[in-house]
Amino acid sequence: MYKKRIVAVLLSGILLAGCNSSDDEVPPVVDVEPPPPDTSALLLTDFDTVYGFAAENGGTTGGSGDNKVEVTVCTGEEMINAIKNKDPNLPLTIWVNGPITLQNAKDSRIDIKDVSDISIIGLGSQGEMAGIGFNIVRASNIIIRNLRIHHVRANLGAPGDGISMEGPVSNIWIDHNEIYNSLTVDDPTLTLDQVKDYYDGLVDAKGDAKFITISFNKFHNSWKTSLSGSSDSDNFNRTLTYHHNHWYNVNSRLPLFRFGQGHIYNNFYDGAQESGINSRMGAVIRIEHNHFANMKNPVMSMFSQEIGYWQLIDNIFENITWEQGAEGSVIAEDNQSTGELNVPYDYQNSLIPVHNVKQTVLRYAGVGVIDTPPSPGLCPAPEPAEPEPVEPEPVPIDPVEPPSSVDWNGYSADTDPFTADTVVLADGSFSQFSPQQSGGADEPNHFTANGDGTVSFDSTVNGADRSRAKINDVVASDGVYPKFFTLLMGVQGNSDGQRILETEIALGDAEPTGASSRLKIIFRGDGNNAGVQLENANNGSSITIGKGNEPDPLDMTQYRVYQFNISLTSPTTGNVALYVEGNNTPLLNLENVTMRPASNATDNYLQLGDAGGSSYKGVIDWAIWTDAGAYTPDMLKGLLPAGIGDISGYQD
């Protein structure tokens, strides 16, 4: 505490200037504490002005305007239809008058995709997204306000975030919401890592996401709270402002910020188990007038190939634990700035003194604060839920006898996957992979034939691009179980620290009785995350084998043959095994796990490439597959197609 030195001088009527008598008394010096700063909540009245990056690029108005269309919804199905049927020339405001659920949406998410000029606002305190989140893709001028968004599962065929923004998106305002999950799961069979992956982020931005403001929200009870940038290769100049938010009872990512520019001001942080703001991969963040309390490492740069930077301006650090990370990490223990960011907008009218932040944020963050029209009445009671379909008892999968031969489906990678007749099917006919579309437009082709019997895949030119090659009907769809699928691939990584390739298999039936399964495989070469990742494959949790920071890591720069076996005992349950280089001991063996649901229960395909959001770079030598059985490598030696390519480990 600063102290003023107050000199008390006794004046006498006979004291003369310049007097230097030896009898003069030395005036006493008294230390007086200045009064404590005012920490009360300030009176705020203007909640409808957009500040921060969302005020740039023409501003963010959402569904407002004299010609706006207004719709009040009680179900997710009504909300989905309102968005799908929006007139592209008229702004749309959707008022949410009750709980939106998976059941009344009849979908796993609310897509705000390929649209613009939409506001979704809860009426009073009644707007709720219970177990279902928003997926904002290729959209602009979107506002989400005054909603409780909570318990959005990570393995239901959706991004798994309360609000997911995947670029290109711009001018998004997320304001006065309460977004939360849970730090615990009522399932004693789950490991801690599975509990952490049960839910995903509260608000995440990936790819080319810019001109975003996140204000006056409550974020709590979350392991992975908010991120900007999905990986160290998700290189875009994202621009996000976080102001007047209340973050509490969380673990980390407050936010995690890769690349781009961030402005974080007037937030109140109260309790973070592991870390707070994590600036990574060259990001620069202006951290201004925030109150950090009862937490560990509120500002730091850890866990990426490159550090990020920050400018600290008049923040409060109260009851903080600082802990150094691995070599190359940086923490803000010395309260020193490591960078500088001058933001392009005026926000002074919303910036409050740091000593008033705690009480002001506690008073005004969350739902029920902003003015909304009155509710037209309670929504009708939901219809009784249909009973969950009863899964048949798992059928035991007996050991498979070694085959004398295998009728393979094969892609030799002599040409890119879209070339006619490049795939030889098991019956001797020919086919090819099909290019896909995103937002009604053809995806770019990032596959290039090298002229040596291999094909390169490289999406590093634009990490936001989707570039997918898909072939349908790769597994029996007759509804008979057990169902088998064996996939072998010859894949070469890269030495640039990039992800390598995505491969996805969907195993749906022609006439499904419920959900079906898919397996998403990500070959990764990005630093400590390198390895083979099976996304949400282990009862909803992702698992990575051969990680760079664990014992026995896989060198993902090298060429090798990967084998994946899937044995389904029911449409949603089964076994998954991963073998490498013909070794008969599986590197991974998951038994009787609940598989990740397919987006559509009838999906039945093999897909190669990049589904968007990160950069990939790898080489495909060949791929073969069969649904005749789930064979071990020893069973297959000598049975691979002649001349397919380098089959190291599978020679007779």
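The values are calculated or read from the model by the stated rules, or taken from the named source; none is laboratory data. As the structure is a computational prediction, the values presented were derived from the model and not from experiment. Note that we place each Cβ from the backbone using ideal geometry, even for glycine, and neighbour counts take in every protein chain shown. Each accessible area value is taken on the protein alone, full model and side chains, heavy atoms only, with ligands, DNA and RNA left out. Shrake-Rupley method; radii C 1.70, N 1.55, O 1.52, S 1.80 Å.
Of Leu227, Leu190, Leu254, which residue is outside any loop (DSSP other than H, G, I, E, B) and aliphatic (A, V, I, L, M)? Give the steps one after another, and end with the answer.
Working: Leu190 fails: outside any loop (DSSP other than H, G, I, E, B); Leu254 fails: outside any loop (DSSP other than H, G, I, E, B).
The conditions single out Leu227.
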Review point. Looking at (1) open to solvent by 10 Å² or more (accessible area, probe 1.4 Å); (2) at negative phi, can you tell me which one Gly643 breaks?
Key: (2)
**Study point:** Residues located in segment 265-294, provided they are touching a Gly at 6+ places or on another chain (Cβ under 9 Å), assigned to a strand (DSSP E or B) and buried (at least 24 other Cβ atoms within 10 Å of the Cβ)
**Key:** Tyr265, Tyr269, Ile277, Asn278, Ser279, Ile285, Ile287, Phe292
Exercise for review: Just give me the residues in segment 634-647 being farther than 22 Å from Ala413 by Cα and of a type outside the set (A, V, I, L, M), in sequence order.
Suggested key: Asp634
**Study point:** Qualifying residue in segment 133-155 (condition: outside any loop (DSSP other than H, G, I, E, B), surrounded by 21 or more Cβ atoms within 10 Å (Cβ to Cβ) and in contact with a helix residue (DSSP H, G or I) (Cβ under 7 Å, 6 or more places away or on another chain))
**Key:** no
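So which of Gly201, Gly262 is within 22 Å of Pro298 (Cβ to Cβ), touching a strand residue (DSSP E or B) at 6+ places or on another chain (Cβ under 9 Å) and in a loop (DSSP other than H, G, I, E, B)? Even if it seems obvious, please write down each step before you answer.
On the way: Gly262 fails: in a loop (DSSP other than H, G, I, E, B).
Within the list Gly201, Gly262, the selection yields Gly201.
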Revision key, fill the gap. Per the filter on segment 223-256, residues farther than 23 Å from His289 by Cα, within 13 Å of the chain's Cα centre (by Cα) and crowded, with 24+ Cβ neighbours inside 10 Å are Gly229, Asp234
Practice item. Quick one: Val593 ticks every box in (1) assigned to a strand (DSSP E or B); (2) of a type in the set (A, V, I, L, M); (3) within 25 Å of Asp234 (Cβ to Cβ) except a single one, so which number is it? Key: (3)
Practice item. Among the residues of segment 84-132, count how many are without any contact (Cβ under 8 Å) to a residue 60 or more places away in the chain, touching a helix residue (DSSP H, G or I) at 6+ places or on another chain (Cβ under 7 Å) and assigned to a loop (DSSP other than H, G, I, E, B). Key: 5
Check your understanding: Do we find that Lys637 is in contact with a Phe, Trp or Tyr (Cβ under 6 Å, 6 or more places away or on another chain) and either modelled with pLDDT under 95 or not aliphatic (A, V, I, L, M) (or both) in this structure?
Key -> yes
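Conditions tested, residue by residue: (1) polar (S, T, N, Q); (2) open to solvent by less than 40 Å² (accessible area, probe 1.4 Å).
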residue	(1), (2)
Ile566	no, yes
Thr573	yes, yes
Ala577	no, yes
Val580	no, yes
Asn584	yes, no
Leu590	no, yes
Met595	no, yes
Ile620	no, yes
Gly629	no, yes
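Condition first: among the small types (Gly, Ala, Ser), open to solvent by 40 Å² or more (accessible area, probe 1.4 Å) and more than 23 Å from Ala54 (Cα to Cα). Now tell me which residues in segment 332-371 satisfy that. If you could, list the steps in order and put the result at the bottom.
Restricting attention to segment 332-371, the residues satisfying the condition of being among the small types (Gly, Ala, Ser) are 332, 337, 339, 350, 365-366, 368.
Narrowing further to those that are open to solvent by 40 Å² or more (accessible area, probe 1.4 Å): 337, 368.
Correct list: Ser337 only.
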Practice item. Name the single residue, out of those in segment 597-614 being open to solvent by less than 10 Å² (accessible area, probe 1.4 Å) and assigned to a loop (DSSP other than H, G, I, E, B), that is modelled with the lowest pLDDT. Key: Gly613
Check your understanding: What number of residues in segment 405-440 are in a strand (DSSP E or B) and either surrounded by 12 or more Cβ atoms within 10 Å (Cβ to Cβ) or at pLDDT 95 or above (or both)?
Key -> 10
Exercise for review: Report, by residue number, each residue of segment 340-357 that is assigned to a loop (DSSP other than H, G, I, E, B) and of a type in the set (Val, Ile, Thr).
Suggested key: Val343, Ile352
